[in-house]
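Student: Quick one: structure below, then a few questions.
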Amino acid sequence: MLDYAEPVTKLIDEFKRLPGVGHKSAQRLAFYLLKATPEEADRLIEAIREVKEKITFCSICNNLTDVDPCRYCDNPTRDHTMICVVEEPYNLVAIEKTREYHGLYHVLHGALSPIRGIGPDELKIRSLIERLRPQDDAPEVEEVILATNPNTEGEATANYLSRLLKPLGVRVTRIGMGLPVGSDLEYADEVTMHKALTNRHVM
């Protein structure tokens, strides 16, 4: 069996650590970089370095951002009486594509999963509750839309949040099932996502 040179093997191993990248995909990526010009490789290295150095979490909604607060939280034209709760930052992007929702967001960075050891303390739930408390200089939040993924973990998270938030006097709604059960928001097209938002219901 032919072994690759150690730097190539190391690069393949690092690519294999990425989600959804198997051994063959890792090999293809490694050999693509080997064929790339030094300038192309430098651009990739610089892009990775810039992301790690400049991207942080918004101190209000936990979204990925290069400015704090992020452009959604800092936008006075958005509806500050509504908060849409999503699991991951890329779920927020799927909702924004519809151009139908103009409220604020809150990113949990995951969903409840006892099997994987993810409980309420591992999610950004405490900061969500803080946002629902009356603030002197901000409009009162009237509605929280639970837009977690329509799978087992997402449903469990939505049910938990509903029970937690209802006593606070806020209207809690769940996105409608324009999304198929068992799927992820990142794969939803604009029309499906629009229907899901339109058909949200009170929990």
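Student: I'd like to verify a number: residues in region 62-92 that are free of Cβ contacts under 8 Å to residues at least 40 places away in the same chain and either over 24 Å from ARG174 (Cα atoms) or of a type in the set (Val, Ile, Thr) (or both), how many?
Tutor: Final tally of qualifying residues: 11.
Student: Taking THR98 as the residue in question, decide whether it is of a type in the set (S, T, N, Q) and touching a residue at least 24 places away in the same chain (Cβ under 8 Å).
Tutor: So THR98 passes the test.
Student: So, one more: Within region 134-143, can you find the residues that are out of contact with any helix residue (DSSP H, G or I) (no Cβ under 6 Å at 6 or more places or on another chain) and touching a residue at least 12 places away in the same chain (Cβ under 8 Å)?
Tutor: Residues satisfying the conditions are ALA138, PRO139, GLU140, GLU142, GLU143.
Student: I'm trying to understand the selection: among the residues of region 145-203, which are part of a strand (DSSP E or B) and over 15 Å from the mean Cα position of the chain (by Cα)?
Tutor: Once the filter is applied, which keeps residues that are part of a strand (DSSP E or B) and over 15 Å from the mean Cα position of the chain (by Cα), region 145-203 yields ARG171, VAL172, THR173, ARG174, HIS201, VAL202.
Student: So, one more: Exactly one of these conditions fails for GLY22: (1) in the same structural domain as GLU140 (by TED's automatic domain parsing); (2) in contact with a Lys or Arg (Cβ under 8 Å, 6 or more places away or on another chain); (3) without any contact (Cβ under 8 Å) to a residue 12 or more places away in the chain. Give me its number.
Tutor: (1)
Student: Within region 45-95, take every residue that is among the polar types (S, T, N, Q) and more than 22 Å from ALA138 (Cα to Cα) and give me the one that is surrounded by the most Cβ atoms within 10 Å (Cβ to Cβ).
Tutor: In this case the residue turns out to be ASN91.
Student: Under the condition of being crowded, with 19+ Cβ neighbours inside 10 Å and in contact with a His (Cβ under 9 Å, 6 or more places away or on another chain), which residue from region 102-124 is farthest from ASN63 (Cα to Cα)?
Tutor: So the residue we want is LEU123.
The values are calculated or read from the model by the stated rules, or taken from the named source; none is laboratory data. All figures in this text were calculated on a predicted structure; none of them were measured in a lab. Neighbour counts are summed over all protein chains in view; Cβ atoms, including those assigned to glycine, are modelled from backbone coordinates with ideal geometry.
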